[in-house]
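Q: Below is one structure. I have some questions about it.
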Ligand code: CA
């Protein structure tokens, strides 16, 4: 699954440049032109990382950062500030407010990619890499290959995306609605029961002889992949 980057930048040319380059680098990109739009977009769907310009119309970057950090659901989204040279005080204030890193304009795309990947790796170990390992399950995202205990596991595309999402957050419980939104997308209408069907298929496929069921059903809450 491609990491989702939200770019919050009111300078059109820079926003476009970032969008173009991040997409080319394999990220999914959404752009917000001001702080208010950014808050709405985050509420609709949480990005994996936010590139946040400091000087924004309506709601400033620092205010966006403060609001995101004050809410449980959005507290842990990595935020990288984009600041102009010389705004030293802003940078310090930004890190105080909870930004994870900052980058000074103008910057090289290469440097930005490195920062984004570093933040993702620190906060969501499974997301930035091509190969992920959780317990005895390994996933190669490039080769689209899954193994359990060294044996190949054959998955349909939906089960693959589902497992990918679970492997990005081992141990965390997701409701059916959260899984629908993350794996199918919020713009698709699918019944919650469909999630049960695909989790069932995933479970069956992962059930290699001699291994324990890696997926935990949490009554009235949802599903989790055991982290062990
Ligand atoms: Ca700006």
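The values are calculated or read from the model by the stated rules, or taken from the named source; none is laboratory data. This structure is a prediction, so every number in the text was calculated from the model and none was measured. When we count neighbours, we look across all protein chains shown, and the Cβ atoms used for this are built from the backbone with ideal geometry, even at glycine.
Q: The conditions are (1) exposed (fewer than 11 other Cβ atoms within 10 Å of the Cβ); (2) touching a helix residue (DSSP H, G or I) at 6+ places or on another chain (Cβ under 7 Å), and residue 225 fails exactly one of them. Which is it?
A: Residue 225 satisfies every listed condition except (1).
Q: Scan the range 177-226 for residues that are over 28 Å from residue 44 (Cα atoms) and either in the same structural domain as residue 41 (by TED's automatic domain parsing) or not in a helix (DSSP H, G or I) (or both) and jot them down.
A: Within the range 177-226, 207, 208, 209, 210, 211, 212, 213, 214 qualify.
Q: On to the next question. Hey, which of the strands (runs of 3 or more DSSP E) in the range 13-110, taking only ones fully inside, have at least 1 residues that are more than 16 Å from the ligand (Cβ to nearest atom)?
A: Where strands (runs of 3 or more DSSP E) fall fully within the range 13-110 and carry at least 1 residues being more than 16 Å from the ligand (Cβ to nearest atom), they are 28-32, 49-53, 101-105.
Q: Here's another thing I want to ask about it. Considering only the range 23-54, how many residues are surrounded by 15 or more Cβ atoms within 10 Å (Cβ to Cβ) and either within 24 Å of residue 163 (Cβ to Cβ) or in contact with a helix residue (DSSP H, G or I) (Cβ under 8 Å, 6 or more places away or on another chain) (or both)?
A: Qualifying residue count for the region: 20.
Q: What is the number of the single condition among (1) surrounded by 14 or more Cβ atoms within 10 Å (Cβ to Cβ); (2) touching a residue at least 12 places away in the same chain (Cβ under 8 Å); (3) within 29 Å of residue 23 (Cα to Cα) that residue 136 does not meet?
A: Looking at each condition in turn, residue 136 falls short on (3).
Q: Now, a different point. Output yes when any residue across the range 81-96 is at pLDDT 90 or above and surrounded by 17 or more Cβ atoms within 10 Å (Cβ to Cβ), and no when none is.
A: Yes, the range 81-96 contains at least one residue that is at pLDDT 90 or above and surrounded by 17 or more Cβ atoms within 10 Å (Cβ to Cβ).
Q: Any residue at all in the range 115-133 that is surrounded by fewer than 17 Cβ atoms within 10 Å (Cβ to Cβ), modelled with pLDDT of 85 or more, within 21 Å of the chain's Cα centre (by Cα) and not in a helix (DSSP H, G or I)?
A: yes
Q: Could you list, in sequence order, the residues of the range 1-12 that are in a loop (DSSP other than H, G, I, E, B) and over 24 Å from residue 164 (Cα atoms)?
A: Scanning the range 1-12 gives 9, 10, 11.
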